[in-house]
Amino acid sequence: MKGWQSGCLSRARRLWVFRGEMAGGWAACRRALSSCNHYGQPPQIVQIPFLKRCKNQLKYHIFVSLVQARNTMLLTERHYSMSQTTVDPKEMKKFQLLAHKWWDEHGDYAALHSMNDIRVPFIRDTVLNMRNDHQPGSPLSGVKILDVGCGGGLLTEPLGRLGASVTGIDPLEDSIRTAELHKSFDPVLAKRIQYKSCTLEDIVEEASDTFDVIVASEVVEHVADVEMFIRCCSKVLKPEGSLFITTINKSQLSYIFGIVVAERVLGIVPTGTHDWEKFIPPEELERLLESNGFLVKTVKGMLYNPLFGSWSWTESTIINYALHAVKSDIQEQVDPNLETDKEQLQTKTMASEPPAKTL
């Protein structure tokens, strides 16, 4: 074959095929090739409408992309404004990619699955110690629990199996769909658990003083405003209700083991899952809780063993820790300054009274 014939797919023809692929896929490519002459050049009668179609479709795709980008920006500004919500859009993007992996016990959430071995008994035993009556088969029967940031329901379901009435909320719709699907396999859980795709602040008005227990496990290190998050918890929690939090301390060791080792070396969690700047020390968390009407009852350390994939309790809170706080009864919240003035007044009154006469 001559040299000029062997180049049947000349540069002009390849460009024509590329344009055909953009316009309508391989079918358009085949039509474009069939319309080419022996030299790989498209005839003039086909070129004009074909180019117009490519140009119009390119304009359409650009327009759609711009509209989608605008809608994304509007949704972000409306629903996830940093000043009006506890949700961080960056954190949403991280968990959006993992929404379908919640129930893979050996996957990205393996550490959370194994954490149930210590956090579920911690919640159960603490609640039982604060209650006078409970059923042996369903120890948490009658207890209304709110699982904030429930994800796929990893902690929600075990609490429901203990008899509690659990509401799981998460801003990611994909995670809620995963949780709903997994719950549907157990008819008992279908009656005890309900899921909502919403933020904590979305339910504040409709659920004021509603829940006996709030659980925020591995959540506060992902929220945009921790103090606002705690205030919302206080509003939906009943007086003398319990708040359970598990999170990560802000220390040098937490950076080494929680980010460098866990994410970059061992791959226990995906890279970029955590931001060390958003970790919170237990002292800071206690201060925020106490300033919003909570009384901190318990703070205990947690330690993960990557060799065995198991969690255990430890005295050190240098990396992970769990916290239990109780919302103070409004009637019992008294200004300490008023109490001091009252005691001083009683002392002065007793000192001014004459001694009793002896007969």
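For the reader, a short list of remarks on this structure follows.
- Taking amide hydrogens as placed 1.01 Å from N in the peptide plane, the amide H of SER310 sits under 5 Å from those of ASN305, each at least 5 positions away in sequence or on another chain.
- Here the 3J(HN,Hα) profile of the range 288-298, calculated from phi with Karplus coefficients 6.51, -1.76 and 1.60 at θ = phi - 60°, is 5, 5, 5, 6, 10, x, 10, 10, 6, 9, 9 Hz, Gly and Pro shown as x.
- Entries of LYS196/LYS250; LYS183/LYS238; LYS183/LYS278; LYS101/LYS238 with Cα pairs more than 29 Å apart: LYS196/LYS250; LYS183/LYS278; LYS101/LYS238
- Counting 0.36 nm for each residue step from HIS106 to GLU277 and taking away their Cα separation leaves a gain of 58.7 nm.
- Each label was represented as a point 7 Å from its Cα along the Cα-to-Cβ direction; for GLU315 and ALA190 these points are 5.0 nm apart.
- Whole-Hz Karplus values for the range 154-164 come out as 4, 9, 4, 5, x, 5, x, 5, 7, x, 6 Hz, taken residue by residue from phi with 6.51 cos²θ - 1.76 cosθ + 1.60 and θ = phi - 60°; glycine and proline positions read x.
- Evaluating 6.51 cos²θ - 1.76 cosθ + 1.60 at θ = phi - 60° for every residue in the range 198-208, the Karplus couplings come out as 7, 9, 4, 5, 5, 9, 4, 5, 7, 10, 5 Hz, glycine and proline recorded as x.
All of the numbers you see were taken from the coordinates with simple rules; none came from a lab. Source: prediction; values computed, not measured. Reconstructed Cβ throughout: ideal geometry from the backbone, glycine too, with neighbour counts over all protein chains shown.
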